[in-house]
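Working notes for the structure below.
Each value in this text was obtained by applying a stated rule to the coordinates, not by laboratory testing. These numbers were taken from a predicted model, which means no experiment stands behind them. A quick note on method: Cβ atoms are made from the backbone with ideal geometry, for glycine too, and the neighbour counts reach across all protein chains shown.
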Amino acid sequence: MRAIARALIDALWAGLLAASLLFLALRALPGDGLTHQLIESGASDDVIQARRASLGLDQPLVTQVAGYLAGLARGDLGVSLLDGRPVRDALYDALPHTLTLAGLALGVGLVGGITVGTAAARTQNAVRPVARLAIAVGLSAPTALIGTLAIVVFALWLDWLPGSGAGTIGHIVLPASVLGWHSAAAIGQVTAAALHDVYSAPYLIAARGRGLSSRRLLVHALRACAPTIVTATMLQAGFLFGGTAITEAIFARPGVGRLLVDAALRQDYPMVQGVALWCAGVAIGAALIGDALSASLDPRLRDVE
Amino acid sequence: MIWDRHRAAPLIVLVLVLLVAPYFVGDPLATAPLMQLTPPGFAYPLGSDLLGRDMLARTVYGGQRTLMSAGAATAIAVGGALCLTGIVVVTPPGGRRWLRLLTRTLLALPPLVFGLIIVTLTSGGEWGVIAATGLVHLAPYVRVLDTSETSARQNGHVEAARALGAGEWRVWRAHLLPIMLPTLLAQAGVTFAGAILTSAALGFLGFGGEVSAPEWGRMLYDGRQVLRVAPWVPLAPGVGITLLVMSVNYALESGERRVRRWRE
């Protein structure tokens, strides 16, 4: 219990620090996006001053940070500089799309990763080099290329699935597979390395000596690798649920990643800040869950007190 | 085969080709409106894009640019991490805790999200992307440095040196660094591979330099527009990125084996 409490407090600290750093970094730099935009549109000094005052940009920096953190505690992320839309509403609208895509991709990644990792570590025949190549390519190829190829092959040539947009079940198959492949490669690499280590551990040699079938051995070994696989999976979850800018761009899907890219391109600071904070929160939360799961799977990781 | 024994060979060959080839290809910016979207053939070995620009020339120049910017970003990440750790080593012990907290916080942000924030701050541009890529890979490097330092400190000779009165800086430079060096070099390679992917991703999303510049990420984006009629346009830069990153990873495996053999 104490270990969990300590981890929670650590996570809260990291979250608070992330929020303050993000705010300071985006606000402390000379020339905010709003002023820049108003000057370009030819607004008078009075208008600019009034607009800055209404957004609280003329306050001292410390007051601004305190105000932002206080708003955060109430669940208020500020408003977009461009259209005055609350950042929270924009996030709420984008979240369902990202959550479905990330959840499916994570499922593909976990199943595919364990399969391909096991194949890369344990098979003897021609499967092994194929599995290793799949991992190497998955880790090296940019998502933009894999996504593009997937659209060319499955949407344009074979015409099996729609290549862009969102809505039906068919729309999510390609993006989820493309994203999932990348996660599968990452999880597969970790799985293969962990299996490799476990198979030379004395208890597994002993188990083999007792005459266990290779299938039973694999179950044993995978059980021992579970904490490692869980940690790798939660790391991927942190990345995926934080929005998947590239995939959403390729497949023209709405979502958190898209929101962030659009905001960054237009220098909409509060929006960038809000989305980034969501990403940081998800990643911290996923790591926390991963630690808790690993501890429950591996007695050695539990705090002995 | 040669690439089994010399695992760095593919990387070396690829880098040499990318460095020399620009002298043998045409102008990557020259447009030829009549020759737009020509399939790969005799005139254009890798085809041409929507403006009739030679994809081979663009891919080669883009590769050179990728090598330079990924190299610069790696230098920022490695140099920054060494500087931060150096500062922590010579300052009172509280500094290390802060560095760890900062690293943890930065690691909480997905790489691309963090990169997009930095790019927003620097308002794009080629150097904005390089700075963003470097800073994205800074925190992971600091963490590896920190972990390997902690384990290197457990060696007896480090304790002996300290007992003999060696200062923190002396211990770090003369006793810890030589032990950590293989890990640090390998991690620099990992950083380089990551930097190639990050800068390409940022380019693909529309950040970094002028629109017409031959940049692999940007070319992937351009290719998306003409996918239906000219799949070779996104293919050339995409395969370039994949091969480069794969050859870096492949070379790293050989380094890893050599270190393992050396330790045994």
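Quick notes on this structure:
- Candidates A:ARG223, A:ARG122, A:ARG215: whichever shows maximal mean-square fluctuation once chain A is modelled as a Gaussian network with Cα springs under 10 Å: A:ARG215
- 3J(HN,Hα) couplings calculated from phi for segment A:101-109 with the Karplus curve 6.51 cos²θ - 1.76 cosθ + 1.60 (θ = phi - 60°) are, in sequence order, 4, 5, x, 5, 4, 5, x, 4, x Hz; Gly and Pro show x.
- If R0 is taken as 25 Å, the Cβ-Cβ distance between B:ALA166 and B:ILE87 corresponds to a FRET efficiency of 0.85.
- Added length on full extension, which subtracts the Cα-Cα distance from 0.36 nm per residue, A:LEU8 to A:LEU69: 20.1 nm
- Taken one residue at a time, the phi angles of segment B:63-72 give Karplus couplings (6.51, -1.76, 1.60, θ = phi - 60°) of x, 4, 5, 4, 4, 5, 6, 5, x, 4 Hz. Gly and Pro are set to x.
- Cβ crowding within 10 Å ranks A:HIS171, A:HIS196, A:HIS182 as A:HIS196, A:HIS171, A:HIS182, fewest other Cβ atoms first.
- Each of B:SER199, B:SER247, A:SER294, B:SER69 was scored by other Cβ atoms within 10 Å of its Cβ. Listed from fewest to most, they are A:SER294, B:SER247, B:SER69, B:SER199.
- In this simple spin-label model, placing a label point 7 Å from the Cα along the Cα-to-Cβ direction at both A:ALA226 and A:LEU212 gives a separation of 1.3 nm.
- Listed residues A:ILE284, A:ILE229, A:ILE205, most fluctuating in chain A (Gaussian network, C-alpha, under 10 Å): A:ILE205
- In this structure, B:LEU34 and A:SER164 have a Cβ-Cβ separation that, at R0 = 35 Å, corresponds to a calculated FRET efficiency of about 0.70.
- Cut-off under 5 Å, modelled amide H: who pairs with A:VAL79 long-range: A:VAL87
- Alpha-carbon Debye profile of segment B:96-144, log10 I(q)/I(0) at 0.12, 0.13, 0.23 Å⁻¹: -0.25, -0.30, -0.77
- Ordered by the count of other Cβ atoms within 10 Å of each Cβ, fewest first, B:THR183, A:THR244 give B:THR183, A:THR244.
- Partner chain coverage, peptide A:268-279 - average Cβ within 10 angstrom: 3
- Fraction in percent of alpha-carbon pairs per bin - 10 Å, segment B:67-193: 13, 39, 31, 13, 4, 0
- Global geometry of the protein assembly as shown, whether rounded, prolate or oblate, following the gyration tensor of its Cα atoms and the 1.5 cut on a/c: rounded
- Efficiency of FRET from Cβ geometry, B:VAL211 and B:ASP27, R₀ 22 Å, rounded to 0.05: 0.85
- In chain B, the convex hull through the Cα atoms has an average projected area of 16.9 nm², a quarter of its surface area.
- Shape of chain A, Cα gyration tensor, a/c cut at 1.5: oblate
- Spacing of the two label points (7 Å from each Cα toward its C-beta) at A:HIS196 and A:TYR92, in nm: 4.9
- More than 17 angstrom apart: percent of Cα pairs within segment A:106-168: 57
- Take each residue of peptide B:96-109, count the partner chain Cβ atoms within 10 Å of its Cβ, and average: the result is 5.
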